[in-house]
Amino acid sequence: MTPGVLILLGFVIFAALMAAKKLPALLALPLMAAWVAAAVGISFPVYLNTVLLAGAMKLGSAMTVVVFGAMFARVIMKTGIADAIVKTAAELAGDQPLTLAFALSLATVFVFLGLSGLGAVIMIGSIALPIMTGAGIQPVDAVVLLLLSLGAGLAANTASYGVWIGIFGGETVPAYYLPAFLIAVGQLLLYLLLNVRAPGERLALKRVLGSLCRGVLGIPGSFIQALKDVLTREPPPIIKTRCPVPAAAFLAPLLPLAAVFGARWLFGFGAAETGMVDPVAAAVFGFIFASLYAALLARPDRVLQIFTGALVDGIRDVAGVIFLFMGIGMLVAAVMHPRTAAALNPLLAAAVPSSPWLLFAFFAVLSPAALYRGPLNMYGMGAGIAVLLAALGETPLAVLCGAFIAVGSMQGADPTNSQNVWLSGFARVEAGEVLRKMFPYAWGACVIMLLYVTLTRW
């Protein structure tokens, strides 16, 4: 049996074990890396140096942005900003199911521009789900709306693209933030109109947007007042009372994204030697600045405690993700070795289409393979496949990046995701039922994104 066939056989075996929940991805990915190294005859010293050690640090930039993103998420939760945004949206919407679902969905989208992680999902879900179901929205629809909403927010959140940045580069990925975000918001609105609206019910869009505009206009005054409070505050009382969150603090989830696009506009993305900025560095700066901004405005008496506590808690939140990234890095390093490329390139060249529309069909048809930790899941062996296709050189890197981002929209419907499991359990619905309702919308978003990539990036 040739080395290339052995590698592909290993991919199939490990993918089956992960899909069957017999082997967790944390263990499967390093073992896959070792399998690849053994199949192509990489010596043990080379394996230790280039696969085990260098591979574990290969996604260092991705790990960094995930850690600081988790820190910011903790700050937003500790200061009560995310809680206040969701509750304010519920108060503005009233008791009409469609309007309420619309307002809570938009609030969730907004907060997940900066939030990430299961802890954030639990906090938002524990507030939003009872409100929506209490208004008469079906529990399964409430769960799907939250999953679509957090997916839309994460579509423009740098912390959610760690693997893509590690494989395709930080300069390529941000170009897809806006189209991915708009497509995700579109599928959310479509689901709202088709599944939540009762006969004859109208969306009270004028009231919601009017309240939103009044809130935005009040932000400058709120910011000035918050600064006055910080500069002139008296010593904290013995019995501490929680102050209301100022409206200016609601801007915090936007700041990391603003930092990324601000750096791109001012300096451009590239090497520091050329006067440009690494987008990952811009995102890390954005998370740090947004954390300080949120803590200073919402809890000026506890800025340092919140900041340092959030950093420690954030690292704890993403510890599993960090080890997963190490395993992905090992697999990427093993796949990128010249021996592996020599063994697999002939097989891949014959199997992977090189024309734009055949590649579109390839990813559109196989995109469900991202579900159940399947072979196109980027938090599994999908990362290795992405590296193989990139190394093949038959397809522009920007096209491959966009294709795998498109397929990533399917992962939001994966019933094995921790957020899907928790939300389904909290709402007392079957995860399989959530998948059935989400699948057409997730697949549709994937196809539209693939069309965008094919028409604009090839």
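Which whole-number percent is the relative contact order of the chain (Cα, under 8 Å, 6+ apart)? Let's see the in-between values first.
On the way: 689 pairs, mean separation 115.9, N = 458.
Averaging sequence separation for qualifying contacts and normalising by length gives 25 percent for the chain.
What number, in percent, do you get for the relative contact order of the stretch 32-170 if the mean sequence gap of Cα pairs under 8 Å and at least 6 apart is divided by its residue count? All intermediate terms of the calculation are to be shown ahead of the outcome.
Values: 125 pairs, mean separation 44.3, N = 139.
Over the stretch 32-170, the number comes to 32 percent.
Give me the angle, in degrees from 0 to 90, between the Cα long axis of helix 97-111 and the longest principal axis of the Cα atoms of the chain, rounded to the nearest 10.
Taking the Cα atoms of the chain, the angle to 97-111 is about 70 degrees.
Net charge near Ala28, counting Lys/Arg +1 and Asp/Glu -1 over other residues with Cβ under 12 Å of its Cβ? Working shown, then result.
Numbers: positive: Lys21, Lys22, Arg373; negative: none.
Neighbourhood net charge equals +3.
Determine, for the chain, the count of lysine pairs separated by eight or more sequence positions (or lying on different chains) whose alpha-carbon distance falls under 28 Å.
Summing the qualifying lysine pairs gives 12.
Suppose only helical runs count, i.e. DSSP H with n ≥ 4. What mean residue ellipticity at 222 nm does that imply for the chain under -39500 (n - 2.57) per run, divided by all residues and rounded to the nearest 500 deg cm²/dmol? It would help to have the intermediate numbers written out before the result.
Details: 21 runs with 318 residues, N = 458.
Dividing the helical sum by the residues of the chain leaves -23000 deg cm²/dmol.
Taking the 0 to 90 degree range and rounding to the nearest ten, how far is the long axis of helix 319-336 tilted relative to the main principal axis of the chain, both from C-alpha atoms?
30 degrees
From the residues Ile13, Val144, Trp443, which one has its Cα farthest along the dipole of the chain in the positive direction, the dipole being from +1 and -1 charges on Cβ of Lys/Arg and Asp/Glu about the Cα centre?
Of Ile13, Val144, Trp443, it is Val144.
Loop only per DSSP, at most 15 neighbouring Cβ atoms within 10 Å: give me the trypsin sites (Lys or Arg not before Pro) in the stretch 389-458, ordered by residue number.
Working: sites: Arg428, Arg436, Lys437, Arg457; in loops: Arg428.
Of the trypsin sites (Lys or Arg not before Pro), the ones in loops of the stretch 389-458 whose Cβ has at most 15 other Cβ atoms within 10 Å are Arg428.
Among [x] 24.8, 98; [y] 22.9, 77; [z] 23.3, 72, find the value of Rg and Dmax of the Cα atoms in Å that was calculated from the structure presented, and write down its label.
[y]
Residues with amide H under 5 Å of Phe269's amide H, sequence separation 5 or more or different chain, H placed in the peptide plane at 1.01 Å from N; which?
Close amide H contacts, sequence-distant or interchain: Val277.
FYI, it's all coordinate maths here, none of it is from the lab. The structure displayed is predicted, hence computed values, not measured ones. With ideal geometry, Cβ positions are generated from the backbone for all residues, glycine too; neighbour counts draw on all protein chains shown.
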